[in-house]
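Enquirer: I have a structure here, written as structure tokens, and I will follow up with some questions on it.
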Amino acid sequence: MRNQIKDYLQTQALKLNPDDVAVAHAATQVVLAQGRAHIDNALVQHDKLPEYIFNQIDTLKQLFMALDSVYSRQENVQAATIYVLAEHGNLLRVAQMGAAMETELPVNEDSAWYYLAARTANSGWANIAEDVAKWLQIGELQGEHNRRAVSQTSLPICGEDGVVYGVLQVESRAVLAENALAEWVGLALGVLPVLREWCPREGGESECV
């Protein structure tokens, strides 16, 4: 696992402590394997999910708990969403915490200018807009909806094979500190097996570069 973490950090040009990422990854695995809580189905299901994901209510709830376990520790984060890259090519929300975010996002060049999550899914690269207002000013990002957050962090959920299975999108009131970002990277790697099982791809069109 440590090699996978180091490979991810190097590929994504993230200068983080691998040990911090490993701790967060292990914590995510524990929640996914053992997490139990009473969660209303309406919090984790929506009508855009394909039936085979919609019906896996226990797994959806475990993803919700894993996301919450990181979200609840970070006071500057206002919203966080796990998206799966569905077979029809769009990103679909499978877990969300905090302020409402988009349920479905197309993954194409046009959408990539308006949504960092779409850009990340399309390219396989992590996108971190530390100052969203500045990105909008210089034309690196478009759309007034992006002003809802001061900073955005978009991480690809992908393995050593390079295939992108989803995106973790985090929106915050301030730039994420290194230890906070390490927790999100650990979560992204921790939920990878779930998303890989839901959307198996053979040499998929979206890859980590």
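The values are calculated or read from the model by the stated rules, or taken from the named source; none is laboratory data. Since this is a predicted model, take the numbers as computed values, not measurements. Glycine also receives a Cβ, built like all others from the backbone with ideal geometry; neighbour counts cover every protein chain displayed. In case anyone asks, the SASA skips ligands and DNA or RNA and just uses the protein heavy atoms, side chains included. Shrake-Rupley method; radii C 1.70, N 1.55, O 1.52, S 1.80 Å.
Enquirer: Any chance you could count how many residues in region 96-134 are among the small types (Gly, Ala, Ser), farther than 16 Å from residue 185 by Cα and in a helix (DSSP H, G or I)?
Expert: Counting residues in region 96-134 that are among the small types (Gly, Ala, Ser), farther than 16 Å from residue 185 by Cα and in a helix (DSSP H, G or I) gives 5.
Enquirer: Does residue 114 satisfy the condition of being in contact with a Gly (Cβ under 8 Å, 6 or more places away or on another chain), open to solvent by 60 Å² or more (accessible area, probe 1.4 Å) and touching a residue at least 12 places away in the same chain (Cβ under 8 Å)?
Expert: Yes: the conditions hold for residue 114.
Enquirer: Checking the condition open to solvent by 70 Å² or more (accessible area, probe 1.4 Å), in a loop (DSSP other than H, G, I, E, B) and in contact with a helix residue (DSSP H, G or I) (Cβ under 8 Å, 6 or more places away or on another chain), which residue from 48, 15 passes?
Expert: 15
Enquirer: Tell me the residue from 77, 84 that is within 13 Å of residue 191 (Cα to Cα), in contact (Cβ under 8 Å) with a residue 40 or more places away in the chain and in contact with a strand residue (DSSP E or B) (Cβ under 6 Å, 6 or more places away or on another chain), please.
Expert: 84
Enquirer: Further, regarding this structure: Kindly provide the set of residues from region 153-180 that are open to solvent by 10 Å² or more (accessible area, probe 1.4 Å) and charged (D, E, K, R), ordered by number.
Expert: 160, 161, 173, 178
Enquirer: Something else: Which of the residues spanning region 27-45 are over 17 Å from the mean Cα position of the chain (by Cα) and either closer than 29 Å to residue 181 by Cβ or open to solvent by less than 40 Å² (accessible area, probe 1.4 Å) (or both)?
Expert: Across region 27-45, the qualifying residues are 30, 33, 34, 35, 36, 37, 39, 43.
Enquirer: Among the numbered criteria (1) in a strand (DSSP E or B); (2) open to solvent by 40 Å² or more (accessible area, probe 1.4 Å), which single criterion is violated by residue 81?
Expert: If we test residue 81 against (1) in a strand (DSSP E or B); (2) open to solvent by 40 Å² or more (accessible area, probe 1.4 Å), just (2) comes out false.
Enquirer: For region 84-111, how many residues are within 18 Å of residue 163 (Cα to Cα), open to solvent by 10 Å² or more (accessible area, probe 1.4 Å) and among the hydrophobic types (A, V, I, L, M, F, W, C)?
Expert: Looking only at that region, the number is 1.
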